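Encoded as structure tokens, the structure appears first; notes follow it.
The values are calculated or read from the model by the stated rules, or taken from the named source; none is laboratory data. Note that this is a predicted model, so its numbers are computed, not measured. Quick reminder, even Gly has a Cβ in these numbers, built from the backbone with ideal geometry, and neighbours come from all protein chains shown. Side chains are part of the model used for accessible areas, which takes the heavy atoms of the whole protein and leaves out ligands, DNA and RNA. Shrake-Rupley method; radii C 1.70, N 1.55, O 1.52, S 1.80 Å.
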Amino acid sequence: MGNIYDIIIVGSGPAGMTAAIYAIRANMKVLLLDRLAPGGQMINTNEVENYTGTGKLSGAELAIKMFEHTQELGVEFDYKTVVNISNGGDLKTVTCEEEGTVYQAKAVILATGTVPRRLGVPGEEEWAANGISWCAICDGAQYRDKEVVVIGGGNSAVEESIYLAGICTKLTIVTMLDLTADPKACDQLRKMPNVTIYPYQEVLEFTGTDRLTGVRFKSTKEDATERYVTCDGVFEYIGFSASSQAFADLGILDRTGCIQTDARMCTSVPGIFGAGDITVKHLRQIITACSDGAVAANSAASYVESLK
Ligand SMILES: Cc1cc2nc3c(=O)[nH]c(=O)nc-3n(C[C@H](O)[C@H](O)[C@H](O)COP(=O)(O)OP(=O)(O)OC[C@H]3O[C@@H](n4cnc5c(N)ncnc54)[C@H](O)[C@@H]3O)c2cc1C
């Protein structure tokens with residue numbers, strides 16, 4: 001088997017690309033893999049306004065800048081879908097879907113991210129990232145003094161609603177159950193004068209012609225009352241799926257499928273590291289993903305050195 005690297009990085013979002021930059025600058029032989037074009041979720045982001053030092057720019061633009069940075073440093077990139085990672089002690093095996101391609105590395109950094117769950121109702125696809133957002137911290141400022149609907153009632157929905165209600169004129173929460181977040185946060189939200197909560201609802205569709213204009217939903221109780229709320233924007237918080245199926249057997253995931261790491265991004269398996277949204281963490285953002293990637297690469301390089 002000729003393809004032996006010091007460090008293989010799976011996933012080329014901001015976490016993976018930053019890890020690649022730090023790893024190659026630590027004189028490691030690095031391979032960066034992604035099943036899609038480099039950039040991760042940044043590619044689907046209209047505008048990024050909170051990445052330090054860049055001002056406002058499109059997610060795709062930031063993705064290209066990061067990828068060009070990896071290429072200037074000579075990082076090897078390949079389009080591959082990783083389907084399995086096995087821990088062979090000092091040498092890990094990375095198996096890809098494509099014609100059974102197999103690579104080996106002394107260390108592996110897993111930076112495969114998460115995918116926000118979607119409702120799958122009419123209008124959602126049409127207004128995705130153009131009226132419907134999955135990130136209030138990223139897109140909330142566009143709705144200052146406007147009306148928004150938040151879908152969901154868990155911790156993310158409630159925390160982000162408190163933030164949005166502070167800047168929007170009117171906020172409506174539509175949720176499948178009642179609010180299930182931390183009780184103190186729920187109380188704080190319920191007391192906000194511009195907030196209306198509709199529990200036990202099923203979203204039916206997002207409406208609009210030139211732009212998103214409203215949400216239609218109906219009660220899941222016996223009366224099945226239908227309602228329509230007009231709005232300028234929607235934020236969906238109905239959970240996310242961790243892209244971690246390929247390494248489910250390593251015993252490094254929590255019950256939500258995210259990777260448990262320590263502060264140095266080490267997992268419980270020596271030589272396997274996690275970085276970015278796929279790890280158990282509080283704030284999932286580009287800048288925190290980059291930070292994780294830098295720390296993971298530093299730890300992975302130290303680990304590889306320790307094997308010599
Ligand atoms: C709509 C939206 C808007 C956002 N806006 C902002 C914003 O304005 N500012 C901000 O800071 N954050 C924003 N975020 C959050 C930010 O995009 C993420 O926190 C960040 O991209 C996470 O980076 P990551 O590298 O951990 O993962 P990702 O960006 O998710 O990248 C993971 C990569 O891994 C690849 N991958 C997954 N599984 C495999 C596999 N088996 N084999 C090979 N490759 C694989 C994927 O194709 C993907 O390219 C937004 C998120 C969303 C959904």
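Among the listed pairs Lys65/Lys281; Lys191/Lys221; Lys146/Lys184; Lys92/Lys281; Lys65/Lys146; Lys184/Lys218, give every one whose C-alpha distance is greater than 30 Å.
Lys65/Lys146
Helix 14-25 versus the longest principal axis of the chain: what is the Cα-based angle in degrees, 0 to 90, to the nearest 10?
Between the helix axis and the principal axis of the chain, the angle is about 20 degrees.
Which percent of the Cα-Cα distances in the range 124-236 go past 21 Å?
30
If I measure Cβ to Cβ between cysteines in the chain, which ones have no partner under 4.7 Å?
Here Cys96, Cys168, Cys186, Cys231, Cys258, Cys266, Cys290 come out as lacking a disulfide-compatible partner, given the Cβ-Cβ threshold of under 4.7 Å.
Write down, largest first, the equivalent ellipsoid semi-axes of the range 221-303 in whole Å, where each equals the square root of 5 times an eigenvalue of the alpha-carbon gyration tensor.
Here the semi-axes work out to 37, 17, 8 Å.
Rolling a 1.4 angstrom probe over the protein heavy atoms, how many square angstrom per residue are accessible across the chain?
47
Considering the Cα positions of the chain, please state its Rg to one decimal place and its Dmax as a whole number of Å.
21.3, 70
Pull up the cross-link candidates among the aspartates and glutamates for Lys308, meaning alpha carbon to alpha carbon under 16 Å and not fewer than 8 places away within one chain.
The reachable aspartates and glutamates, counting only those whose Cα sits under 16 Å from Lys308, are Asp6, Asp90.
Aspartates and glutamates near Lys56 by alpha-carbon distance under 17 Å, same-chain residues fewer than 8 away left out - which ones?
Excluding near neighbours in sequence, the set is Glu47, Asp139.
Return the carbon/sulfur percentage of the accessible area of the range 124-236, one whole number, probe 1.4 Å, all protein chains in place.
In the range 124-236, the share of accessible area belonging to carbon and sulfur is 47 percent.
Of the residues Lys29, Lys92, Lys191, which exhibits the maximal mean-square fluctuation in a Gaussian network model of the chain defined by a 10 Å Cα contact cut-off?
Highest fluctuation among the options: Lys191.
What is the mean projected area of the alpha carbon convex hull for the range 152-308, to one decimal in square nanometres?
Approximately 12.7 nm², given one-decimal rounding.
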